[in-house]
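Read through the structure below, which is laid out as structure tokens, and then see the notes.
The values are calculated or read from the model by the stated rules, or taken from the named source; none is laboratory data. Owing to the predicted nature of the structure, the values given are computational and were not obtained by experimental measurement. Here the Cβ is made from the backbone with ideal geometry for all residues, glycine too, and neighbour counts use every protein chain on show. Remember, those area values only see protein heavy atoms, side chains included, never the ligands or the DNA or RNA. Shrake-Rupley method; radii C 1.70, N 1.55, O 1.52, S 1.80 Å.
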Amino acid sequence: MSGRLLIVHGPNLNLLGTREPDVYGTATLEDANDVCRAAAEAGGFAVDIVQSNHEGALVDAIQAAQGTAVGIVINPAAYTHTSVAIADALAAVGLPVVEVHLSNVHAREPFRSHSYVSPHASAVIAGAGIQGYRFAVEHLAALLSD
Ligand code: DQA
């Protein structure tokens, strides 16, 4: 095992599967987590997975990754577009970050094109559905194995 990856899911992602399936697909959060686990295991990593609808809980989880995780995959959901606190937490821990969005945020409302998180991410994956999590974990695994 080469270490632990923290997977962070933001608000409303607990509703995946039933939430706006035309936008987010029909896969559930557990399906997304299975994708993360499989990709991490294939790369020799373990995962810790957090979902919260609360900004402070997400900040706490990111802070706690310092010393326990070697990289972070995060879908900050709506907080992508609003949260300086999450961006600051990512900057503070200084771990490699991959930002994931199920939908192509750039093809949606203009406010979704701005991300406070992207400046702290080594890669951003949008529009690939839950496979985006696989790409994110594979990218982190490659980055960390270099
Ligand atoms: C999302 C895109 C965000 O704009 C939205 O608020 C979400 C999900 C996505 O995965 O496509 O909740 O991050």
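Among the residues making up the range 117-146, those that are more than 12 Å from the ligand (Cβ to nearest atom) and assigned to a loop (DSSP other than H, G, I, E, B) are ALA121, SER122, ASP146. Tell me, which residue of the range 1-16 that is more than 13 Å from the ligand (Cβ to nearest atom) and in a loop (DSSP other than H, G, I, E, B) is modelled with the lowest pLDDT? The extreme case among them is MET1. Sort out which residues of the range 106-134 are open to solvent by less than 10 Å² (accessible area, probe 1.4 Å) and not small (Gly, Ala, Ser), and write them in order of number. Passing the criteria: VAL117, TYR133. If you filter the range 70-105 down to residues that are among the hydroxyl-bearing types (Ser, Thr, Tyr) and in contact (Cβ under 8 Å) with a residue 40 or more places away in the chain, you find that the one that is surrounded by the fewest Cβ atoms within 10 Å (Cβ to Cβ) is SER103.
From the list GLY67, GLY56, which residue is free of Cβ contacts under 8 Å to residues at least 40 places away in the same chain and not in a helix (DSSP H, G or I)?
Of GLY67, GLY56, the one residue that is free of Cβ contacts under 8 Å to residues at least 40 places away in the same chain and not in a helix (DSSP H, G or I) is GLY67.
For the condition at pLDDT below 95, more than 16 Å from the ligand (Cβ to nearest atom) and exposed (fewer than 14 other Cβ atoms within 10 Å of the Cβ), GLY67 qualifies.
Go through GLY10, GLY25, GLY3, GLY44 for me and flag whichever is on the phi > 0 side of the Ramachandran plot, touching a Phe, Trp or Tyr at 6+ places or on another chain (Cβ under 7 Å), small (Gly, Ala, Ser) and touching a residue at least 60 places away in the same chain (Cβ under 8 Å).
Numbers: GLY10 fails: on the phi > 0 side of the Ramachandran plot; GLY25 fails: touching a Phe, Trp or Tyr at 6+ places or on another chain (Cβ under 7 Å); GLY44 fails: touching a Phe, Trp or Tyr at 6+ places or on another chain (Cβ under 7 Å).
Result: GLY3 is the single residue among GLY10, GLY25, GLY3, GLY44 that is on the phi > 0 side of the Ramachandran plot, touching a Phe, Trp or Tyr at 6+ places or on another chain (Cβ under 7 Å), small (Gly, Ala, Ser) and touching a residue at least 60 places away in the same chain (Cβ under 8 Å).
Taking the range 13-22 as the search range and keeping residues that are free of Cβ contacts under 8 Å to residues at least 12 places away in the same chain and more than 26 Å from TYR116 (Cβ to Cβ), which one is least open to solvent (accessible area, probe 1.4 Å)? Going through the qualifying residues, I end up with PRO21. Selection within the range 114-146: residues that are closer than 16 Å to LEU5 by Cβ and of a type in the set (Ser, Thr, Tyr). The member of this set that is nearest to the chain's Cα centre (by Cα) is TYR133.
Quick one: would you say VAL35 is under 21 Å from LEU140 (Cβ atoms) and either within 11 Å of the ligand (Cβ to nearest atom) or assigned to a helix (DSSP H, G or I) (or both)? Taking the combined requirement at face value, the residue satisfies it.
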